[in-house]
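To start, the structure under review is shown below, and the notes come after it.
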Amino acid sequence: MFLRWASQSGAADRIHPVPSPYADPCTAYPIDTYRAWMRRFATDETIRLRTRICGLIAGITGRPTTTIAALTTASIIDDGDQMRLRLGLTPVQLPPPLPALIRLQLAAPRRWDTASTWLFPSKLRAGAHVHASRFAADLQNLTCRVVGLRGAALLNLAATMPVGPLCDLTGMSPNVAARWQLVAASAYAQYPAMRM
């Protein structure tokens, strides 16, 4: 944190800290950028289906690509009208257009592994799911940083949810969730002053 501050404040011109591979408040997308990406994943049909699903799930739940890649058909609860996704103890209701996209993914032909229960079965490794690095690479090809997307989602969730449900949804420990809530509160604490 100190090196990042020193670099950004100009106190140390030659220091360029290495970007963190983990979602943290310093790497989160600004809210406008986050919303633009979420809108694009929801509407842009030129983006690969699995990439759209991954981007939307990461942007809604703050979960990493490793969790998304390992989703199974058993983690999806679809009653026809609503679709829920089981990530923790409590299934999460998915907003449109995510249910329709997941239904398309489930209906896609699986010539190579018809018995697979993975939501994203691998074409290269029988019985395995698509590797999480493929999702990260797909997003990176669109110039979307999954860390920035997750960071923005986590800030938004931490600002609006109590610790318990936040931990269940995101998979964070209570201590980490509490830290995100502190950061989210400080990020939004200046908002009224900016509006005046």
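The values are calculated or read from the model by the stated rules, or taken from the named source; none is laboratory data. Remember, predicted model here, so these are calculated numbers, not experimental data. Backbone-built Cβ (ideal geometry, glycine too); neighbour counts: all protein chains shown.
Restricting region 92-119 to residues that are basic (Lys, Arg) and assigned to a loop (DSSP other than H, G, I, E, B), the residue that is nearest to the chain's Cα centre (by Cα) is Arg110.
A Cβ distance below 7 Å, combined with a sequence gap of six or more or placement on separate chains, defines the contacts here; from region 161-180, residues that are touching a residue at least 60 places away in the same chain (Cβ under 8 Å) reach residues that are hydroxyl-bearing (Ser, Thr, Tyr) in the pairs Cys167/Ser173; Asp168/Thr90; Leu169/Thr61; Thr170/Thr61; Gly171/Thr67.
Can you find a residue that is within 24 Å of Ile31 (Cβ to Cβ) and part of a strand (DSSP E or B) anywhere in region 139-149? Within region 139-149, not a single residue is within 24 Å of Ile31 (Cβ to Cβ) and part of a strand (DSSP E or B). Pairing each residue of region 115-132 that is aromatic (Phe, Trp, Tyr) with any residue that is in a loop (DSSP other than H, G, I, E, B), provided the two are 6+ apart or on different chains, yields C-beta distances under 6 Å for Phe120/Val130. Scanning region 47-97 for residues being closer than 15 Å to Cys144 by Cα and polar (S, T, N, Q) gives a total of 2.
Taken over region 94-108, residues that are under 12 Å from Phe120 (Cα atoms), hydrophobic (A, V, I, L, M, F, W, C) and touching a residue at least 40 places away in the same chain (Cβ under 8 Å) amount to 3. Those residues that are within 14 Å of the chain's Cα centre (by Cα) and of a type in the set (S, T, N, Q), I need them from region 134-175; list them, please. The answer is Gln140, Asn156, Thr170. Taken over region 34-51, the residue count meeting the criterion of being over 13 Å from Asn141 (Cβ atoms) and either buried (at least 23 other Cβ atoms within 10 Å of the Cβ) or of a type outside the set (Gly, Ala, Ser) (or both) is 11. Among residues of region 26-39 that are of a type in the set (Ser, Thr, Tyr), those with a Cβ under 8 angstrom from a residue that is part of a loop (DSSP other than H, G, I, E, B) and modelled with pLDDT under 90, sequence gap 6+ or separate chain, pair up as Thr27/Pro19; Thr27/Ser20; Tyr34/Ala28. For region 79-93, the tally of residues that are touching a residue at least 24 places away in the same chain (Cβ under 8 Å) and in contact with a strand residue (DSSP E or B) (Cβ under 7 Å, 6 or more places away or on another chain) stands at 2. The residues of region 163-196 that are at pLDDT 90 or above and not in a helix (DSSP H, G or I), listed by number, are Gly171, Met172, Ser173. Among the residues of region 1-46, those that are modelled with pLDDT under 70, within 15 Å of Leu149 (Cβ to Cβ) and either of a type in the set (Phe, Trp, Tyr) or not in a loop (DSSP other than H, G, I, E, B) (or both) comprise Tyr22, Pro25, Cys26.
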